[in-house]
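Reading through the C-alpha cells given below for one structure.
The values are calculated or read from the model by the stated rules, or taken from the named source; none is laboratory data. Because the structure is predicted, anything quoted here is derived from the model rather than measured. Glycine also receives a Cβ, built like all others from the backbone with ideal geometry; neighbour counts cover every protein chain displayed. Ligands, DNA and RNA are excluded from the accessible area calculation, which covers all protein heavy atoms including side chains. Shrake-Rupley method; radii C 1.70, N 1.55, O 1.52, S 1.80 Å.
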Amino acid sequence: HRAGVTIALGTDAGNPAILHGTSLLREMTMMKQAGLSNRAILEATTLHGAKVMGREDSVGSIEVGKLADLVILNSNPLKDVKNFSDISAVVKQGHYLKSADIDAHLFKVRAELKQ
C-alpha cells in the first residue's frame, strides 16, 4: 500500500465456511490491522475493486452514467472500520431495500430451506 500498489478488497466467499458479508467485514478489519486507513479500505472496496476488474468506467464511484448499486450506512466508516457493518439500506438495480427487510427475507429463506 505504501509503495502505491493497487489493493482491492475481495473475499474467498464460495469456499466452504466462507460467508460473503462476514468474510468481507473480516477482511476490512484485517486491512485496518495491517495499517491501512479507513479511507484506503473504502477505496479498496469501491474504486480499486472496479479498477482491477477493468470496470471503472461503469462501477466503483458515484458518477452520472455509472451503475448505482449502493450500501447506505448509518455511521461514518471513515471514523471507525466497524461502521462498514452498520448498514441502513441497500440500493440494488434501482430498488431501495431497508436492512431490516433484507434480514426478514433472509430469515424466511433460511426457514424454507430447513423444511
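Between Asp103 and Val90, the modelled label-to-label distance comes to 1.4 nm, taking each label 7 Å out from Cα in the direction of the beta carbon.
Adding -39500 (n - 2.57) for every DSSP H run of four residues or longer, then dividing by how many residues the chain holds, sets the calculated 222 nm ellipticity at -11500 deg cm²/dmol. Spatial offset of the range 96-115 relative to the range 29-70 amounts to 27 Å, using the alpha carbon center of each.
Radius of gyration over Kirkwood radius for the chain, both on Cα atoms: the Rg/Rh ratio is 0.99.
Roughly what angle does helix 20-33 make with the longest principal axis of the chain, taking Cα atoms, 0 to 90 degrees, to the nearest 10? Approximately 30 degrees, to the nearest ten.
Surface composition of the chain: carbon plus sulfur atoms contribute 57% of the solvent-accessible area (1.4 Å probe, protein chains only, all chains present).
For the range 1-111, DSSP calls about 90 percent of its internal beta bridges antiparallel. Label sites at Asp80 and Ala3, each approximated as a point 7 angstrom past Cα along Cα to Cβ, lie 3.5 nm apart. Other residues lying with their Cβ under 14 Å from the Cβ of Gly49 contribute a combined charge of -2, Lys and Arg counting +1, Asp and Glu -1. Over the range 66-113, the ratio between the Cα radius of gyration and 2.2 N^0.38 Å evaluates to 1.33. Rounding to the nearest 10 and keeping the result within 0 to 90°, find how far the Cα-based axis of helix 99-114 lies from the longest principal axis of the chain. The angle comes out near 60 degrees.
Taking Ala34, Ala68, Ala89 in turn, the Gaussian network model of the chain (Cα-Cα springs below 10 Å) assigns the largest fluctuation to Ala34. Across the range 48-106, the mean sequence separation of Cα contacts (distance under 8 Å, 6 or more residues apart), normalised by length, yields a relative contact order of 23 percent. When each of the peptides 53-64, 75-86 is scored by how many other beta carbons lie within 10 Å of its residues on average, the order from highest to lowest is 75-86, 53-64.
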